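> Take a look at this one; I'll ask things after.
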Amino acid sequence: MIRLGSAGFILLLSMTFVGGCYSVRSVASTAEATMTVAVSHWPPRKMTTKDGKVSGIDVDIMRELARRMQMRVIFYTCTWIRCQTMVRLGSADFITSASRTPDREPYFHFIEPSYAPNGGYAFYVRADSGVRIEKYDDLHKHIIGTTMGAKYMEVGADPKIYWVRTTGTRELLRKLKSKELDVIIDSAELMDYFLKNNPDEKLAIAKSPYVYITPQRAYMALSRRSELVHLIPRFSTVLQQMLDEGKIEAILENYR
C-alpha cells in the first residue's frame, strides 16, 4: 500500500510539474536518460585533471547536445586506448573526436554528420636536439613516439620506422623531454594549442616542417552495446542543427 501510494504521488507530481506541456512518458524518459562519455586528455578537444574535472571543445559540444536532448551527461576520464575499450564493451556510451576506420565499425556507430576535421599530424622534437623531420624518410632515423589506439598513421606498416607506443600526450611529452624518444607525433591542433598556452614548453619543444595530412574527420562514436542506440536518428538531427546554427563553430572559436 505504501509503495503504491508513493508511486501514485510521484506520478501526480510529475504531471503537475509539466503543466500539461509534456506527457508523463516524456518526463520519465527525460529524468532517466543519461549519456556517458569516455574522455581522454587531448587539448583543446578534451582536457582532464587529476581530480576528474573535464573541459574542452568536445566536452562543451556533448554538454550542449545533452541539454538540447534533455539528458544528463556523465564524463569518465581515461587514456585513449582505455576509453575505446570502455565504449567497445558498453561501459560508456560515447567517445568523441574518433576517426572512422573499418576496424572500429563493428564496435561503434559513427554519428553523422562529422563535426570537425581531424586534420594534420605533426612531428615534434626537443629544440636543442638538432633533429628535423623534413620529409617522410627522415622518420627512419629516429625513435618515434605515438599514442596507443591512434589511427593517424599505420603504425608498424613501415618496418624502417621504430615506434614506441604511449598512453597519450602527457607521456609522449615526458618521454621526449627525458630523451627516451627522439620525435613524437601528435595532432598539430593539440600540440600547437599546448605550446601556445605553455610558453616555457615552447622554448624546449620544436615543431618539425613535415606534417602528415589525413582526410579523416572527427566523429562522435556510440557503442553498439549502448542502450541509447535507438536515439541515433535524434542525435544526428540535433548535431546537424548545432552545425547549421553555428553553435559548434562558436565553441571551436572559444579555443582558438
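> Please determine, by comparing only the residues of the stretch 168-223 that are among the basic types (Lys, Arg) and under 24 Å from GLY56 (Cα atoms), which one is modelled with the lowest pLDDT. Full working, then the answer.
To start, the set of residues in the stretch 168-223 that are among the basic types (Lys, Arg) comprises 170, 174-175, 177, 179, 196, 202, 207, 217.
Narrowing the set further to residues that are under 24 Å from GLY56 (Cα atoms) leaves 170, 174, 196, 202, 207, 217.
Details: ARG170: 85, ARG174: 93, LYS196: 85, LYS202: 76, LYS207: 92, ARG217: 86.
So, considering only residues that are among the basic types (Lys, Arg) and under 24 Å from GLY56 (Cα atoms), the one modelled with the lowest pLDDT is LYS202.
> Right, here's the next one. Of all residues in the stretch 210-233, which are loosely packed, with under 13 Cβ neighbours inside 10 Å and out of contact with any strand residue (DSSP E or B) (no Cβ under 9 Å at 6 or more places or on another chain)?
Hits for the stretch 210-233 are GLU227, HIS230, PRO233.
> Can you tell me which of (1) at pLDDT 85 or above; (2) over 21 Å from LEU231 (Cβ atoms) is the one THR36 doesn't meet?
(2)
> Just to check your reading of the model, which residue among LEU222, LEU203, LEU243 is touching a residue at least 60 places away in the same chain (Cβ under 8 Å) and touching a His at 6+ places or on another chain (Cβ under 6 Å)?
Testing whether each residue is touching a residue at least 60 places away in the same chain (Cβ under 8 Å) and touching a His at 6+ places or on another chain (Cβ under 6 Å) leaves just LEU222.
> Next question, about the same structure. Could you list, in sequence order, the residues of the stretch 63-110 that are in a helix (DSSP H, G or I) and surrounded by fewer than 22 Cβ atoms within 10 Å (Cβ to Cβ)? Full working, then the answer.
Step one: filter the stretch 63-110 for residues in a helix (DSSP H, G or I), giving 63-68, 80-89.
Result: ARG63, GLU64, ALA66, ARG67, ARG68, ILE81, ARG82, THR85, MET86, ARG88, LEU89.
> Within 22 Å of ILE57 (Cβ to Cβ) and not in a loop (DSSP other than H, G, I, E, B): does that describe LEU252? Before you say what the answer is, go through the steps one by one.
Values: within 22 Å of ILE57 (Cβ to Cβ): yes; not in a loop (DSSP other than H, G, I, E, B): yes.
For LEU252, the condition - within 22 Å of ILE57 (Cβ to Cβ) and not in a loop (DSSP other than H, G, I, E, B) - is met.
> Where residues in the stretch 224-256 are touching a Gly at 6+ places or on another chain (Cβ under 8 Å) and of a type in the set (Ser, Thr, Tyr), which of them is modelled with the highest pLDDT?
SER226
The values are calculated or read from the model by the stated rules, or taken from the named source; none is laboratory data. Remember, predicted model here, so these are calculated numbers, not experimental data. No Cβ is skipped: glycine too gets one built from the backbone with ideal geometry, and neighbour counts run over all protein chains shown.
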